[in-house]
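I have placed the structure first, in the form of structure tokens, so that the comments after it can refer back to it.
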Amino acid sequence: MDSQSLRWGYFSRMGIRRLYGQCKGGDSVTKGFMKRGPCALAIALLIPLFFVLNVAPKPVNAEGEASNLAAVSSAPALSPIEQALADLSSENAETRSAAVALLIEKGDASLIPKLDEIRATADRLVRQAIKPVVDLLKNRANLTSELPDYRRSAASDLASTGRREAIVWLQAAAAKEEVWWVRYTMEESANLLEIRSGDFAAQQIAIKKLGELRSQNSVSILKELIEAGKAAEATEEQKTLMSAASGAILEIDAWSTKATIIETIFRGISLSSILLIMSLGLAVVFGLMGVINMAHGELMMIGAYATFITQQAFIALLPPEHFDWYFPVSLPLAFLASFGVGWVLEATIIRFLYGRLLETLLATWGVSLILMQAARVYFGDLTAVIAPQALRGGAQVMVGVYLPYNRIFIILLSIVCVVGIYYLLFNSNLGLRVRAVTQNRNMSACLGIPTRKVDSYTFAFASGLAGIAGWALTMVGNVDPGLGQNYIVDSFMVVVTGGVGKLAGTIWASLGIGGLNKVIEPFSGAVYGKVFILIGVILFLQWRPSGLFAAKGRSADA
Amino acid sequence: METNKSQEIENVNLTEAPSEEHGSSRREFLGQTGRVAAGVGVAALLGNLGNYALSYAAGGPPIKIGILHSLSGTMAISEVSLRDVVLMAVEEINKAGGVMGRQVESVVVDPASNWDLFAEKAKQLLLQDKVSVVFGCWTSVSRKSVLPVFEKNNGMLFYPVQYEGEECSKNVFYTGAAVNQQAQPAVEYLMSPEGGSYKKFYLLGTDYVYPRTTNKILRAMLLAKGVPAGNIAEEYTPFHHQDYQTICGKIKKFAAGGGAAVISTINGDSNVPFYKEFGNQGLRAEDAPIMAFSVAEDELRGMDTTALVGHLAAWNYYQSVDTPQNKTFVANFKAYCKRNNLPDGESRVTDDPIEAAYFGVYVWKQAVEKAGTVDSVDKVRMAVYNQKFLAPGGTIMMDCCNQHTHKPVIIGEILKDGQFKSVWRSKGLVKPEPWSEFTNPEKGCDWITHQGTYQKK
């Protein structure tokens, strides 16, 4: 009983709002359709009801909402629509299409549940008849949604329906729209519909407009117009359209080249930042300590799993509205988890192997296999990390250039990491000691630097960096036991190309490899892109065996 | 090594026994562990003996079957479930009295996702353990690697995964889909008005034999149906590819103007970065739906499904299929995983290959009973033909002569909870065609009137 009244309060309010809008004539399509008399009457009846039942409104499922709505506003004026709804299931194709036309013209989103109901029991023909109606009505309602993404989706979907009725709605929505990207899509869609209209003057304007909008979506239809204009039996009008269309395509293509260049640069930087953030820790261990750490990838995996565990803890312990906070919270945890494992690894295995490059390689490879299989046994494969809302989707910075947030985030993170490492190595006491031990271990020991401690901190710190990389990578890839293996080869490639022991080398090498990869890939495909990069690195190392930035001077031989 | 394995399996069945320990304190538990382990060992032994005696009493020595699925390495994530379901089927059969009154004994080996090891383990199963039938393999390359072993030693393999076709061996029964039972109907659906009348197709796959062959067939089919070559794009990525920026950018350009769909044969761990990037670049299932042939419920368990909702997949079975026998099957599988303390226990899901592996065991059982013997592979093989079975997803039928299975095709839409909503279902069963009518119209596969692959007139 109680929940019933709650529902009624909500529906009656909704009903009033809708009726009020219609009576004021705000809704141009239903304006002539609804008589003002019954409207006022209905409102007069409903207002007291609304006040009586106005308890905290609660969202309910859409189906119940609309059927109630229909009950509230069931004025006799609705009957043509009801008639049309009945006609939809008719055997006669003409009756059906007439009903469809009527529903598109006069219906609104409240009809959707009813249509869905019909659809559920209908056969294929009826379903096909209903689909455009539902699409149009839904999208029309979504044009005024509160979420920009919905408005944009609705606008682009309306373009693909090919119904002229939508042009007016799109233009009206565009006039009120504040988000430029949404407005852009609305205008684009309206013009795309206009171009198909067959009205010569409107088509000319639309073509010009689409060219100005640099609309990539219009290229296919513009090409069709050009084809039509080239045909032997083309009319004068078609020829005019053809020249206009080719002008527009030129404009669009020029812009698209520009956009592609910008996007390629961004992708290159993004890939580079991922490479960089993976190889930083490796560069520290390999470069400064002379240890080939094959378990570096698994330390990343540990960071990723720490993120996953934090997420699960948030899901289990905290209310869902705090969920997105798991991501920042898991940063220190990922760092500490990998830091701890790295520290233990150094204390139990690595420290016996300093100066024996090949043995470190084998031992750490063994460790990596153990860690990997352990993760597989313990976690299995139920390990998805859900990106926080802020890192989903992307920003449309200009027409044709769309930058995903997660990539922007990783680029920023890698910059922060590089700055942090530089600060730590060149501006702090610890960094001074690390550099001293790297240059001359015995002399540093003589001067009272605890080289054991420095080793252990450096290794643990580098492991922590791997943990951060793993944390960040949960945003682009998956969390699974093989995570480390996917990246370890690339990381080594970057470190070796950059020159062992040089951070600047690592940075430049990741930029070079990442950038080159993204420049080559569009032409060669992903498989050969990788092959070309490997060949390039091999040739490069033939030319400069010690990498981009070779260590010089006395320390080079150490 | 081997005895260890089979003992492990026996122990699995007995894990219910020591459940009384849960009440005692941890220290006591630790103290008792030794004794308990010894006890379990003895119990296992006794149980075994009892089983053995019983089975002898019933109708003869147990029938040995082999299970050849990777339990470690990269493919373990997918293949372990198949081992589990085969063991479950064996348990069910044994409980119901076995095959011809004889108990079934499984020999489980672990080829560790290593293709050469697959051949080695297959040889071991056939020659050393002398199993009557083997249930196994997932990837096409592992199947290709064991094929010579089975052909040379006249073994019998039930292969439960959808594959690229172009194979016709009398020693393999394919209970998964051929290309014309999965990829072809899926693309035909996308081209139909009901599916959205798509006109442009982006064929994207991982670079190995299954995607390459499937896409070769699809391309031939699309061209035959009048799709211009300019509207078909084909692209491959290496295994474990992680960076899908460029490809998603290309798809976006390709899809501009609408009417484009992506046909994905991407396999394994590349799927997550691909779907994530796809969503993050602002592409939606409405602009360009991804139709996937390698993403099933078991893979979706490990993914964040927000990026996948609304995309499509084509299979012959989904966990959500609404049949009474499927409800029982799903419940049994979950209960089995829980009872045997398998990882993830009750939250395990079933999917197409799991179902195909499951009914494979029953088809074999029916065939053995029809043939009246397990000793002759050839007699059992002849008995498999035309076998019908009420599988969880609906009745299936083994083909009369080409070693494949008649199955229904279902297009599913991915839901938020990692399950599928069926949006289209083929009318009746689709006849399998190992040789595609589009790429190899002149070839056929028939082991009754011909000797395997033959030239059609």
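Only the coordinates and a few stated rules stand behind these numbers; no lab work does. Every value quoted in this text rests on a predicted model; they were computed, and no experiment measured them. Every residue, glycine as well, gets a Cβ built from its backbone with ideal geometry; the counts of neighbours run over all protein chains shown.
Worth a mention:
- Distance between modelled label sites at A:HIS322 and B:LYS457, nm, 7 Å Cα→Cβ extension: 7.9 nm
- Average beta-carbon neighbours from other chains, 10 Å sphere, peptide B:203-210: 1
- All other residues whose Cβ lies under 14 angstrom from that of B:ALA224 are scored, Lys and Arg at +1 and Asp and Glu at -1, for a net of +1.
- Working from label points 7 Å from Cα in the Cα-to-Cβ sense, the A:ALA98 to A:PHE532 distance is 6.2 nm.
- The mean number of Cβ atoms from other chains found within 10 Å of a Cβ in peptide B:269-282 is 6, as a whole number.
- P(r) of segment A:429-469 over all Cα-Cα pairs, binned every 10 Å from zero, in whole percent: 31, 48, 18, 3
- Put in order of Cβ neighbour count within 10 Å, fewest first, the listed residues A:PHE314, B:PHE420, A:PHE327 become A:PHE314, A:PHE327, B:PHE420.
- Full extension of the chain between A:SER220 and A:ASP253 gives 10.7 nm of extra length, using 0.36 nm per residue less the Cα-Cα distance.
- Over segment A:265-483, the ratio between the Cα radius of gyration and 2.2 N^0.38 Å evaluates to 1.09.
- Positive-pole candidate from A:ASN478, A:LEU369, A:THR310, dipole of segment A:265-483, charges at beta carbon: A:LEU369
- Relative frequency of Cα-Cα separations exceeding 22 Å in segment B:335-456, percent: 51 percent
- Given R0 = 41 Å, the distance between the Cβ atoms of A:GLN389 and A:ILE261 translates into a calculated FRET efficiency of 0.85.
- Cα centroid separation, segment A:211-268 to segment B:130-168 (Å): 53 Å
- Structural descriptor for chain B: relative contact order 15 percent, calculated from alpha carbon pairs under 8 angstrom and at least 6 residues apart.
- Both radii come from the Cα set of segment A:143-234: Rg as radius of gyration, Rh as Kirkwood radius; their ratio Rg/Rh reads 1.01.
- Averaging the sequence gap over all C-alpha pairs within less than 8 Å and six or more residues apart, then dividing by the number of residues, gives segment A:265-483 a relative contact order of 43 percent.
- Solution diffusion estimate, µm²/s, Stokes-Einstein, segment A:234-311, Kirkwood Rh from C-alpha pairs, 25 °C, viscosity 0.890 mPa s: 142 µm²/s
- Proximal charge balance of B:THR246 [Cβ under 14 Å; K/R count +1, D/E count -1]: +2
- Sorted on the mean count of surrounding Cβ atoms within 10 Å across their residues, most packed first, peptides A:384-393, B:293-302, A:443-452 read B:293-302, A:384-393, A:443-452.
- Partner lysines whose Cα lies under 24 Å from the Cα of B:LYS388, excluding those fewer than 8 positions away in the same chain, are identified as B:LYS64, B:LYS95, B:LYS170, B:LYS327, B:LYS365, B:LYS370, B:LYS379, B:LYS407, B:LYS427, B:LYS431.
- Sum of side-chain charges, A:GLN203 neighbourhood, beta-carbon under 9 Å (Lys, Arg +1; Asp, Glu -1): -2
- Taking every Cα-Cα distance in chain B and sorting them into 20 Å bins from zero, the calculated P(r) comes out as 24, 55, 20, 2 percent.
- Cβ crowding within 10 Å averaged over residues, with B:169-182, B:248-261 ranked highest first: B:169-182, B:248-261
- Cα→Cβ-extended label distance, 7 Å offset, between B:GLU442 and A:VAL397, nm: 5.6 nm
- Between A:ARG164 and A:TRP365, the contour length at 0.36 nm per residue exceeds the Cα-Cα span by 65.9 nm.
- Other protein chain C-beta atoms within 10 Å of residue C-beta, averaged over B:73-79: 3.
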